[in-house]
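Colleague: If you scroll down you'll find the structure; I have some questions about it.
The values are calculated or read from the model by the stated rules, or taken from the named source; none is laboratory data. In this text, all values refer to a predicted model and were calculated from it rather than measured experimentally. Counting neighbours? That spans all protein chains shown, and the Cβs are built from the backbone with ideal geometry, glycine included.
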């Protein structure tokens, strides 16, 4: 009976979301406070029934209710309980339900924390979120119902979960990513709310900034988790592939990054207002676009989720409605946004503007590269694909500018930079960065590539700038610690996030250029020298796992005749589904990873294998950097000004 | 010039610069990195260019996989049921590479019609999966390039 | 109301994008599809054992003669489980379905048919995927529509659902009858 309750609960949530979409906004239009005030209660109702529905789905997975179609297709009674639960969002229907549940979680969070908002703005924001919830709940109910039963013939057991997915990285990756995608809906709703109410003072930005930052932090972690998972679980050491699914999450991230920066300008200086509204719309639009690209099957193969174009069409309609509607609203109301104030060319504003332009250009270049194959198909040109080198060259080229500008921009003051001697400071930074970047890699590796030099010069340039920032902030304080405290969490959040960017960049530059990867044919007793490391293949053995049989290699790694690691790469054969999995042997450390993967046996004795050996310097820095960026983003929203109750008073004043 | 005018000018100049650089960059990068798709039939008809990276797709012809002793070089044939092409590859094949399986090879053609592949992608025998899953599997196959 | 021309730009851009997506969805463009040369051609010949009895050999000539569906399935394929009840219903409605048990194990396959009912008029055992190869199968499930002359009229990739059958596939089948 339970699944029917889930279905019922879903329908109730749908009804309440319809009310949430209509009533508060009607209240805004009709100027009826009582209607506007229904928003909070309705948000809670939607959240409650969605939570119940999702709990029932989890219950069905936990108790192996194979009469439910998604359970039968995605779970198995032999799975451990945590994989059973995570299987509930490892499929289209369940993950869409989770998507909507997260959306309504964000909605009630807004209702909770935004008590100081005017009733009108709160009503519009929650109403806009209600519209989105209604659209996607309709999608779930009418095209992807997770509670559909396969009656009367209930299968005895479900099909298994793919062994690649039985992994902690993939349990966490989708929900975190969705939190990020969905989180941008709040910034979007605030922007649309501002368009509806016609009030573009700095306060809507102050309210929406913490939400944007939180969403962005989730998205950052989500992307990093996906990359990390691909690295250690797929078995071949790749960490970014520029394929459509990755690009779908990277584009909103880029736009979201631009949004964070433009919102900073709007809040502090009351400038770029119209642009911030547009970016907020675009950040969420790109999130929706990501959902669409991934789920409609226009880019992935027919073997992906939506074998029927109906689902794709449905999402496309939702996209058209939300994006088109908000842009239409923008087109009509943008003229009302009055900008006052000015700034010089050498000022923080103008550098943040350049940052925005660069980030948006990168995002659209990625979009173009992602959609070009589709475009070619639509116009019946020859089938084509855009290779990773395209994305790499465009991205790297623009990142050079972004990092160069960052080194200057974060030192500048608002409006007009009039500090004496700043040109000299920059010159010192520049020279030291260039020289260190020239010397350091050369002394450490004995090799010199211009890419490494350029990349590291940029890294040291930004580092010098970060150091400079700390000196500036602490110079005039009683003590260093007092200076650090006085700088405020907003400053340190930014500092950490930029440090994170530098750490990730270091990882990318070094692993891309000094990464050594070679394929060998090896037998037991063979020894292979790869730069400073000697890989000794001790033996190959066959082992029996819980639900697989595996060939396992025992490889000892020596550096200067001293044993540094022993790794055990495996080739696993899962009998139930007939899957083959490459389990790499990785020895990780802060400065380098040693990575061994077994490809295939080359004779019948299974004692001769083709293997891939890799030395990956600084690869873990990629993900540590992302973690720092997310941390910085979260740190900066702990600022007291976001919790002050004065904001509604200031609104009254500006009216 | 009043500050507002000046500001607007800065905005427009920056925007135009950014856009121009971006467009040139994209065109430049695209020129070298577009891989066109050809079927074996087209290749055997001479429709595909040599000395340029192309993609070709089809089925691995059963019984055509031949390894060279003592190295990782492997030769195989790919067919679209209308024509057959020869492929040579030096490296690690994806886990799902098998006779009779769908495969996409990326590489350059020589004058004798031999395609020397830089990478080989296998298609998997599963259907109807969530995109994250399909994506993961595709990455797994792609990774061994 | 004043509208600045510049603010219309995003709207125009998005509209163009949507037109592209809509077109791609409606025309069923599949960027990864490997072209199949089989549609419109004759079903290739084969000689394979029956799933139920390894000594019974089934050939092309034995099965053609009336319109039918040829369904590629396997026990390792989760979508086949999803599709199975639909096939049962179609079979009950009098649609002739030939099963090709693809790259599977006989015992598992027989147990499956016992557990979930058997919609197949005949079941061909193809453990090495030989016939699958000749048909250009890229995955399971796949369904081939074969007319009474043994011509492949249509190929459907992925699990058949009731909706898809009603909307498009039924018409293709009815045309063959």
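Colleague: Can you pull out every residue in the stretch C:81-103 that is in contact with a strand residue (DSSP E or B) (Cβ under 9 Å, 6 or more places away or on another chain) and more than 9 Å from chain A (Cβ to nearest Cβ)?
Modeller: Correct list: C:83, C:87, C:90, C:91, C:95, C:96, C:97, C:98, C:99, C:100, C:101, C:102.
Colleague: Right, something else. Quick test for you: out of A:276, A:287, A:262, pick the one residue that is touching a helix residue (DSSP H, G or I) at 6+ places or on another chain (Cβ under 6 Å), more than 10 Å from chain C (Cβ to nearest Cβ), closer than 30 Å to residue B:122 by Cα and modelled with pLDDT of 85 or more. Give the derivation first.
Modeller: Working: A:276 fails: closer than 30 Å to residue B:122 by Cα; A:262 fails: closer than 30 Å to residue B:122 by Cα.
Checking each option against the conditions leaves just A:287.
Colleague: Sort out which residues of the stretch A:109-121 are within 27 Å of the chain's Cα centre (by Cα) and either in the same structural domain as residue A:196 (by TED's automatic domain parsing) or assigned to a helix (DSSP H, G or I) (or both), and write them in order of number.
Modeller: To start, the set of residues in the stretch A:109-121 that are within 27 Å of the chain's Cα centre (by Cα) comprises A:109-114.
The answer is A:109, A:110, A:111, A:112, A:113.
Colleague: Which one of A:67, A:9 is more than 29 Å from the chain's Cα centre (by Cα) and surrounded by fewer than 19 Cβ atoms within 10 Å (Cβ to Cβ)? Quick ask: steps written out before the conclusion?
Modeller: Numbers: A:9 fails: surrounded by fewer than 19 Cβ atoms within 10 Å (Cβ to Cβ).
After applying the criteria, what remains is A:67.
Colleague: Tell me yes or no: at least one residue of the stretch C:132-139 is over 26 Å from residue C:40 (Cβ atoms) and either at pLDDT 85 or above or not in a loop (DSSP other than H, G, I, E, B) (or both). Give the steps one after another, and end with the answer.
Modeller: Let us first name the residues in the stretch C:132-139 that are over 26 Å from residue C:40 (Cβ atoms), namely none.
So far as the stretch C:132-139 goes, no, none of its residues is over 26 Å from residue C:40 (Cβ atoms) and either at pLDDT 85 or above or not in a loop (DSSP other than H, G, I, E, B) (or both).
Colleague: Name the residue that is modelled with the lowest pLDDT, counting only residues in the stretch A:413-452 that are surrounded by fewer than 18 Cβ atoms within 10 Å (Cβ to Cβ) and within 22 Å of residue A:392 (Cα to Cα).
Modeller: For the stretch A:413-452, the residue satisfying everything is A:448.
Colleague: How many residues, within the stretch A:326-356, are facing another protein chain (nearest Cβ under 8 Å), part of a helix (DSSP H, G or I) and touching a residue at least 40 places away in the same chain (Cβ under 8 Å)?
Modeller: As a first pass, look at the stretch A:326-356 and keep what is facing another protein chain (nearest Cβ under 8 Å): A:327-328, A:330-332, A:334-335, A:342-343, A:345, A:350, A:353-354.
Right, trim to part of a helix (DSSP H, G or I) and you get A:327-328, A:330-332, A:334-335, A:350, A:353-354.
Within this subset, residues satisfying the condition of being touching a residue at least 40 places away in the same chain (Cβ under 8 Å) are A:327, A:330, A:334, A:353-354.
Number of matching residues: 5.
Colleague: Now a separate question. Across the stretch A:538-566, which residue is modelled with the highest pLDDT among those that are more than 14 Å from chain B (Cβ to nearest Cβ), assigned to a strand (DSSP E or B) and under 21 Å from residue A:166 (Cβ atoms)?
Modeller: Applying the filter and picking the extreme gives A:552.
Colleague: Next question, about the same structure. Can you run down the residue pairs with Cβ atoms below 7 Å, 6 or more apart or on separate chains, where the first is in the stretch C:1-22 and facing chain A (nearest Cβ under 8 Å) and over 16 Å from residue A:332 (Cβ atoms) and the partner is at pLDDT 85 or above and surrounded by 13 or more Cβ atoms within 10 Å (Cβ to Cβ)?
Modeller: C:18/A:316; C:18/A:320; C:21/A:316; C:22/A:316
Colleague: Modelled with pLDDT of 90 or more, part of a helix (DSSP H, G or I), more than 23 Å from residue B:104 (Cα to Cα) and at the interface with chain B (Cβ under 10 Å from one of its Cβ atoms): does that describe residue A:362? It would help to see each step written out before you state the result.
Modeller: Values: modelled with pLDDT of 90 or more: yes; part of a helix (DSSP H, G or I): yes; more than 23 Å from residue B:104 (Cα to Cα): yes; at the interface with chain B (Cβ under 10 Å from one of its Cβ atoms): yes.
Considered against the rule, which asks whether it is modelled with pLDDT of 90 or more, part of a helix (DSSP H, G or I), more than 23 Å from residue B:104 (Cα to Cα) and at the interface with chain B (Cβ under 10 Å from one of its Cβ atoms), residue A:362 comes out as yes.
Colleague: Of A:159, A:227, which residue is over 21 Å from residue A:642 (Cα atoms) and modelled with pLDDT of 90 or more?
Modeller: Values: A:159 fails: modelled with pLDDT of 90 or more.
None of the others qualify; the one that does is A:227.
Colleague: Suppose the filter is outside any loop (DSSP other than H, G, I, E, B), within 31 Å of the chain's Cα centre (by Cα) and farther than 21 Å from residue A:102 by Cβ; does residue A:55 pass it? Don't jump to the end; show me each part of the working.
Modeller: Working: outside any loop (DSSP other than H, G, I, E, B): yes; within 31 Å of the chain's Cα centre (by Cα): yes; farther than 21 Å from residue A:102 by Cβ: no.
In short, no.
Residue-wise test of (1) modelled with pLDDT of 85 or more; (2) closer than 11 Å to residue A:146 by Cα; (3) more than 14 Å from chain C (Cβ to nearest Cβ).
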residue: A:55; (1), (2), (3): yes, no, yes
residue: A:84; (1), (2), (3): yes, no, yes
residue: A:87; (1), (2), (3): yes, no, no
residue: A:91; (1), (2), (3): no, yes, no
residue: A:97; (1), (2), (3): yes, yes, yes
residue: A:101; (1), (2), (3): yes, no, yes
residue: A:114; (1), (2), (3): no, no, yes
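Colleague: From the list A:604, A:639, A:587, exactly one residue is surrounded by fewer than 20 Cβ atoms within 10 Å (Cβ to Cβ), outside the structural domain of residue A:219 (by TED's automatic domain parsing), farther than 30 Å from residue A:115 by Cβ and out of contact with any strand residue (DSSP E or B) (no Cβ under 7 Å at 6 or more places or on another chain). Which is it?
Modeller: Numbers: A:639 fails: farther than 30 Å from residue A:115 by Cβ; A:587 fails: out of contact with any strand residue (DSSP E or B) (no Cβ under 7 Å at 6 or more places or on another chain).
Exactly one of A:604, A:639, A:587 is surrounded by fewer than 20 Cβ atoms within 10 Å (Cβ to Cβ), outside the structural domain of residue A:219 (by TED's automatic domain parsing), farther than 30 Å from residue A:115 by Cβ and out of contact with any strand residue (DSSP E or B) (no Cβ under 7 Å at 6 or more places or on another chain), namely A:604.
Colleague: On the basis of being out of contact with any strand residue (DSSP E or B) (no Cβ under 9 Å at 6 or more places or on another chain), within 30 Å of residue A:614 (Cβ to Cβ), surrounded by fewer than 23 Cβ atoms within 10 Å (Cβ to Cβ) and without any contact (Cβ under 8 Å) to a residue 40 or more places away in the chain, does residue A:240 make the cut? I'd like the intermediate steps shown before the answer.
Modeller: Working: out of contact with any strand residue (DSSP E or B) (no Cβ under 9 Å at 6 or more places or on another chain): yes; within 30 Å of residue A:614 (Cβ to Cβ): yes; surrounded by fewer than 23 Cβ atoms within 10 Å (Cβ to Cβ): yes; without any contact (Cβ under 8 Å) to a residue 40 or more places away in the chain: yes.
When the stated conditions are applied, residue A:240 passes them.
Colleague: Same structure, new question: I'd like the residue in the stretch C:8-34 that is out of contact with any strand residue (DSSP E or B) (no Cβ under 8 Å at 6 or more places or on another chain) and over 20 Å from residue A:367 (Cβ atoms) and, out of all such residues, is modelled with the highest pLDDT.
Modeller: Only one residue fits best here, namely C:26.
Colleague: If I filter the stretch A:584-601 for residues that are within 21 Å of residue B:93 (Cα to Cα), assigned to a loop (DSSP other than H, G, I, E, B) and free of Cβ contacts under 8 Å to residues at least 12 places away in the same chain, do I get at least one hit?
Modeller: Scanning the stretch A:584-601 turns up no residue that is within 21 Å of residue B:93 (Cα to Cα), assigned to a loop (DSSP other than H, G, I, E, B) and free of Cβ contacts under 8 Å to residues at least 12 places away in the same chain.
Colleague: Sort through B:104, B:78, B:26 and tell me the only one that's part of a strand (DSSP E or B) and either touching a helix residue (DSSP H, G or I) at 6+ places or on another chain (Cβ under 9 Å) or within 8 Å of chain A (Cβ to nearest Cβ) (or both).
Modeller: Numbers: B:104 fails: either touching a helix residue (DSSP H, G or I) at 6+ places or on another chain (Cβ under 9 Å) or within 8 Å of chain A (Cβ to nearest Cβ) (or both); B:26 fails: part of a strand (DSSP E or B).
When all the criteria are applied, what remains is B:78.
Colleague: Kindly provide the set of residues from the stretch A:23-43 that are surrounded by fewer than 17 Cβ atoms within 10 Å (Cβ to Cβ) and either in a helix (DSSP H, G or I) or in contact with a helix residue (DSSP H, G or I) (Cβ under 7 Å, 6 or more places away or on another chain) (or both), ordered by number.
Modeller: Taking the stretch A:23-43 and keeping what is surrounded by fewer than 17 Cβ atoms within 10 Å (Cβ to Cβ), we get A:26, A:29-34, A:37, A:41.
Of everything in the stretch A:23-43, those that are surrounded by fewer than 17 Cβ atoms within 10 Å (Cβ to Cβ) and either in a helix (DSSP H, G or I) or in contact with a helix residue (DSSP H, G or I) (Cβ under 7 Å, 6 or more places away or on another chain) (or both) turn out to be A:26, A:29, A:30, A:33, A:34, A:37, A:41.
Colleague: Further question on the same structure: Which condition breaks for residue B:49 when tested against (1) free of Cβ contacts under 8 Å to residues at least 24 places away in the same chain; (2) assigned to a loop (DSSP other than H, G, I, E, B); (3) more than 7 Å from chain A (Cβ to nearest Cβ)?
Modeller: Of everything listed in (1) free of Cβ contacts under 8 Å to residues at least 24 places away in the same chain; (2) assigned to a loop (DSSP other than H, G, I, E, B); (3) more than 7 Å from chain A (Cβ to nearest Cβ), residue B:49 misses just condition (1).
Colleague: How about the stretch B:102-111: which of its residues are modelled with pLDDT under 85 and either out of contact with any strand residue (DSSP E or B) (no Cβ under 9 Å at 6 or more places or on another chain) or surrounded by fewer than 21 Cβ atoms within 10 Å (Cβ to Cβ) (or both)?
Modeller: Within the stretch B:102-111, just B:111 meets the criteria.
Colleague: Of these, C:40, C:65, C:45, which one is farther than 20 Å from residue C:128 by Cβ, part of a loop (DSSP other than H, G, I, E, B) and either at pLDDT 75 or above or out of contact with any strand residue (DSSP E or B) (no Cβ under 8 Å at 6 or more places or on another chain) (or both)? Spell out the reasoning first.
Modeller: On the way: C:40 fails: either at pLDDT 75 or above or out of contact with any strand residue (DSSP E or B) (no Cβ under 8 Å at 6 or more places or on another chain) (or both); C:45 fails: farther than 20 Å from residue C:128 by Cβ.
Going through C:40, C:65, C:45 in turn, the sole match is C:65.
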